[in-house]
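So the structure is just underneath, and the comments pick up after that.
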Amino acid sequence: MLTCQQVAEGVTDFLEGSLSWKDFIRFRIHFWRCIGCRNFLGQMKYTIRILQQLPPPPISPEKKQALLLLFRAWVKTHS
C-alpha cells in the first residue's frame, strides 16, 4: 500500500494519467481508504481549475520581436 507521502509525491502523475495501470489502481485504493489524501486530491484539482482561468503572462516586446523574426525566417524557408 502506498503511503500518504508517496501519494503526495505522485499526485501530479496520477492527475496527468501518466501512471502505469498497476500504480493507478494503487493510488485509487489509497484514495478510497484515506480521507486526507482524498481531500488533498480535491484541493489539487481545484487549484488546477483556478490556475487554468488565469490569463497568460504578458510577453515582453523583446521576446515578441524575437519570435516574429524566427517565424518570418521559418516562413521564408518553407515557402
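Every number here is computed from the coordinates shown, using simple stated rules; none is lab data. Remember, it's a predicted structure, so these values are computed and weren't measured experimentally. Note that each Cβ is placed from the backbone with ideal geometry, even for glycine, and that neighbours are counted across all protein chains shown.
Extension gain for residue 46 to residue 16 (0.36 nm times residue separation, less C-alpha to C-alpha distance): 9.4 nm. Extending 7 Å from Cα along the Cβ direction at residue 25 and again at residue 64 yields two label points whose distance is 5.3 nm. Straight-line reach from residue 45: taking Cα to Cα under 27 Å and skipping same-chain neighbours fewer than 8 places apart, the lysines in range are 22.
The Cα atoms of the stretch 4-77 give a gyration tensor whose axes a ≥ b ≥ c have a/c of 1.5 or more with a/b greater than b/c, which makes the shape prolate.
Roughly how big is the stretch 4-77's charge dipole about its Cα centre, with Cβ charges of +1 (Lys, Arg) and -1 (Asp, Glu), in debye to the nearest 20?
On the way: 11 positive and 5 negative charges, 41 e Å.
Using Cβ point charges on Lys, Arg, Asp and Glu, the stretch 4-77 gives about 200 debye.
Semi-axes of the equivalent ellipsoid of the stretch 39-79 are 38, 13, 6 Å, computed as sqrt(5λ) over the eigenvalues of the C-alpha gyration tensor in descending order. Extending 7 Å from the Cα toward the beta-carbon at both residue 3 and residue 73 defines two label points whose distance is 5.0 nm.
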